[in-house]
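Colleague: One structure, pasted below without further comment.
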Amino acid sequence: MHKFGLKRKIKSLQTDVESFVHLFHNWIQEDKIPNHIMVDVVDYKHLPDGPGIMLIAHEGYFSLDFEDNELGLLYMRKTQLGDNVTETLSAIQQILDFAAELIRIDSAIGEKIEFLDEYQLISNDRYEFPNNLESEKKLLVAASGVFSDAVLSVPETLKGSRLKINIQ
């Protein structure tokens, strides 16, 4: 129940995405993300509709993500975090919002990026949460426990795609 990601959508980015390579390397050097063993930075921006620039950690990864032609900061969790889905999602949101705040206060990037208060929840576990109506209902209930004032919707996806929920 820990393989979830949360993407914070970006309204505008007025800097070269290459600047995130330096930013993420700085996070590793200064150990900026609590409770994470950060390993490396990977540049996948050459892949269309892909993960862009990634900061790989043992517990999960951060990404300046371009999936579905929507730019955002993604945090995908790989290890256990909470005792249930709602706790896990809440903790993931806190980690992602902390990372977004680190970006906002960075002197090289902070004034050049504008985050929206919109998220996309992504289930990266097709076994526990396949893209079907039953899983969709379970994930909507869990997400509503974290994003109680938000409007939740399920975007149309292709068969076999990961289950996603838009949060506005």
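Colleague: Look at Leu139 and say whether it is among the hydrophobic types (A, V, I, L, M, F, W, C) and open to solvent by 30 Å² or more (accessible area, probe 1.4 Å).
Modeller: no
Colleague: Condition test on Glu87, is it within 23 Å of Trp27 (Cβ to Cβ), out of contact with any Pro (no Cβ under 6 Å at 6 or more places or on another chain), part of a helix (DSSP H, G or I) and open to solvent by 50 Å² or more (accessible area, probe 1.4 Å)?
Modeller: The answer is no for Glu87.
Colleague: Which members of the stretch 35-79 meet the condition of being of a type outside the set (Val, Ile, Thr), open to solvent by 30 Å² or more (accessible area, probe 1.4 Å) and within 13 Å of the chain's Cα centre (by Cα)?
Modeller: The answer is Pro51, Tyr61, Phe66, Glu67, Glu70, Leu71, Lys78.
Colleague: Moving to a separate point now. Residues being surrounded by 15 or more Cβ atoms within 10 Å (Cβ to Cβ) and either part of a loop (DSSP other than H, G, I, E, B) or of a type in the set (Val, Ile, Thr) (or both): count how many of those fall in the stretch 144-164.
Modeller: Residues flagged as surrounded by 15 or more Cβ atoms within 10 Å (Cβ to Cβ) and either part of a loop (DSSP other than H, G, I, E, B) or of a type in the set (Val, Ile, Thr) (or both) within the stretch 144-164 amount to 6.
Colleague: Name every residue in the stretch 105-143 that is part of a helix (DSSP H, G or I), in contact (Cβ under 8 Å) with a residue 40 or more places away in the chain and touching a Leu at 6+ places or on another chain (Cβ under 8 Å), in order of residue number.
Modeller: Within the stretch 105-143, Lys112, Leu139, Ala142, Ala143 qualify.
Colleague: Run down Lys3, Lys32 and say which single residue is open to solvent by 40 Å² or more (accessible area, probe 1.4 Å), modelled with pLDDT under 95 and either under 25 Å from Lys164 (Cα atoms) or not polar (S, T, N, Q) (or both).
Modeller: Just a single option satisfies the conditions, and that option is Lys3.
Colleague: Going residue by residue through the stretch 29-45, is there one that turns out to be part of a helix (DSSP H, G or I) and out of contact with any His (no Cβ under 6 Å at 6 or more places or on another chain)?
Modeller: Taking every residue of the stretch 29-45 in turn, at least one turns out to be part of a helix (DSSP H, G or I) and out of contact with any His (no Cβ under 6 Å at 6 or more places or on another chain).
Colleague: Would you pick out the residues in the stretch 6-21 that are exposed (fewer than 14 other Cβ atoms within 10 Å of the Cβ) and either closer than 26 Å to Arg126 by Cα or not polar (S, T, N, Q) (or both)?
Modeller: Hits for the stretch 6-21 are Lys11, Asp16, Glu18.
Colleague: Further, regarding this structure: Is it the case that some residue within the stretch 13-23 is part of a strand (DSSP E or B) and more than 22 Å from Phe147 (Cβ to Cβ)?
Modeller: yes
Colleague: Run down Lys138, Lys159, Lys112 and say which single residue is among the charged types (D, E, K, R) and in contact with a strand residue (DSSP E or B) (Cβ under 8 Å, 6 or more places away or on another chain).
Modeller: Lys112
Colleague: Also, quick follow-up: May I ask you to say which residue of Leu73, Leu102 is in contact with a helix residue (DSSP H, G or I) (Cβ under 9 Å, 6 or more places away or on another chain) and over 13 Å from Leu6 (Cβ atoms)?
Modeller: Leu102
Colleague: If I go through the stretch 145-158 residue by residue, how many of them are more than 21 Å from Glu67 (Cα to Cα) and touching a Ser or Thr at 6+ places or on another chain (Cβ under 9 Å)?
Modeller: Qualifying residue count for the region: 3.
Colleague: Follow-up question, since we're still on this one. From (1) part of a loop (DSSP other than H, G, I, E, B); (2) modelled with pLDDT of 95 or more, pick out the condition that doesn't hold for Met76.
Modeller: Met76 satisfies every listed condition except (1).
The values are calculated or read from the model by the stated rules, or taken from the named source; none is laboratory data. Here the structure is a predicted model, which means the values were calculated and not measured. Reconstructed Cβ throughout: ideal geometry from the backbone, glycine too, with neighbour counts over all protein chains shown. Areas reflect the complete protein model, heavy atoms only, side chains present, ligands, DNA and RNA absent. Shrake-Rupley method; radii C 1.70, N 1.55, O 1.52, S 1.80 Å.
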